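Okay, so here's the structure we're looking at.
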Amino acid sequence: MNGIKPQGRFYPRPYLIYMCVYAGDGWFLNSARQSLGFILPDNGFDVWIGNVRGTRWSHGHSSLSEDEKEFWNWSWEELALYDLAEMINYINSLTNRKIYIVGHSQGTIMSFAALTQPEIAKNVEAAALLSPISYLEHITAPLVRLMVDTHLDTIILASGFHELNFKSNWGTVLLDNLCDRLVNCINVLSSITGENCCLNRSRFDLFFEYEPHPSSAKNLHHLFQMIRKGSFSKYDYGLLKNLRVYGQRMPPEFDLSLIPESLPLWMAYGGNDELSDWTDLEHTIKKVKSVPELVYLENYGHVDFILSMKAKEDVYDPMIKFFKSLGKSSSL
């Protein structure tokens, strides 16, 4: 989280929200009336926005330079178990209150993994997950499938790249080559996310000014491991290192049944979302003990959940109703 740190005890509004996504600016890319980052405060929520390591807003480190390999030695696993956990602890320490979590895309992977940890889940009141992802086996986005099938993640790591930045010179050339020679990318966004129905196209220049943020090559490799194996597991280092790190041949899976049954879950998913497929979501739902409240939007793609001109009515208003039905954020 960025900005000035409050001093002493902080007294929040009745509803306390932590918005979990890879980079916090994603919640503000639409107009003020259509962006969830503005809508929540207007509805009485105290909102905290996180920027995890690797984003353009979070490149600082106490000892490492971003040019060093170790700076990029992480995946969503560390983002969930360390970054997200510490952000939640920080908010709890200032407010002495549990929080509501809102996540989108990779923010939902982080949330699912974090909530399997009792020491994190005990500080969370409820979670609303947009385009929820944990299992990824049935992704159909053509550009993503191409990158998985050609083992592009392995090639990038073997080439000595540790930062993954598609806005860099080599990243731009890579995307151009993939789209020109191997797959039809007339609409690059749709080839990655699925066809989005309701995007505010006047915001595209702003969207692509900020997105995509840099990440680590290890993070891409971890995500592609999940697609190939159909698992929701920790990072697979290979047999020998798995034995050293985990004490077993294969990386341990995150057990979604450990998410407390008493923790309310709300999930919104789209019929055109080619990153969050219903078959994978159904797998997730069968693993959790609680019965999540579901909202299905037939025409929505992956990005519609943060950039649709109708997201307020379709997604955000029902989500706010869900949170407020649970009552105010309770004390720890």
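The values are calculated or read from the model by the stated rules, or taken from the named source; none is laboratory data. If you're wondering where the values come from, they're calculated on a predicted model, not measured in any experiment. Glycine also receives a Cβ, built like all others from the backbone with ideal geometry; neighbour counts cover every protein chain displayed. Just the protein is used for accessible areas: all its heavy atoms, side chains included, with ligands, DNA and RNA removed. Shrake-Rupley method; radii C 1.70, N 1.55, O 1.52, S 1.80 Å.
Out of the residues in region 195-222 that are under 23 Å from HIS151 (Cβ atoms) and out of contact with any helix residue (DSSP H, G or I) (no Cβ under 7 Å at 6 or more places or on another chain), which is most open to solvent (accessible area, probe 1.4 Å)?
Narrowing region 195-222 to residues under 23 Å from HIS151 (Cβ atoms): 212, 214-222.
Remaining after also requiring out of contact with any helix residue (DSSP H, G or I) (no Cβ under 7 Å at 6 or more places or on another chain): 212, 214-215.
Working: PRO212: 59, PRO214: 3, SER215: 16 Å².
That would be PRO212.
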Tell me, yes or no, whether region 94-117 has at least one residue that is closer than 20 Å to SER233 by Cα, aromatic (Phe, Trp, Tyr) and in contact with a helix residue (DSSP H, G or I) (Cβ under 9 Å, 6 or more places away or on another chain).
yes
Do we find a residue being within 29 Å of TRP278 (Cβ to Cβ), surrounded by 21 or more Cβ atoms within 10 Å (Cβ to Cβ) and modelled with pLDDT under 95 anywhere in region 110-117?
no
Sole residue being at pLDDT 95 or above, surrounded by fewer than 16 Cβ atoms within 10 Å (Cβ to Cβ) and in contact with a Phe, Trp or Tyr (Cβ under 9 Å, 6 or more places away or on another chain), chosen from PRO292, PRO252, PRO264:
PRO252
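Pick out, from region 213-309, the helices (runs of 4 or more DSSP H) lying fully within it that include 1 or more residues that are over 20 Å from MET319 (Cα atoms) and in contact (Cβ under 8 Å) with a residue 60 or more places away in the chain.
217-229, 278-287
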Among the residues of region 28-59, which ones are modelled with pLDDT of 85 or more and of a type in the set (D, E, K, R)?
ARG33, ASP42, ASP46, ARG53
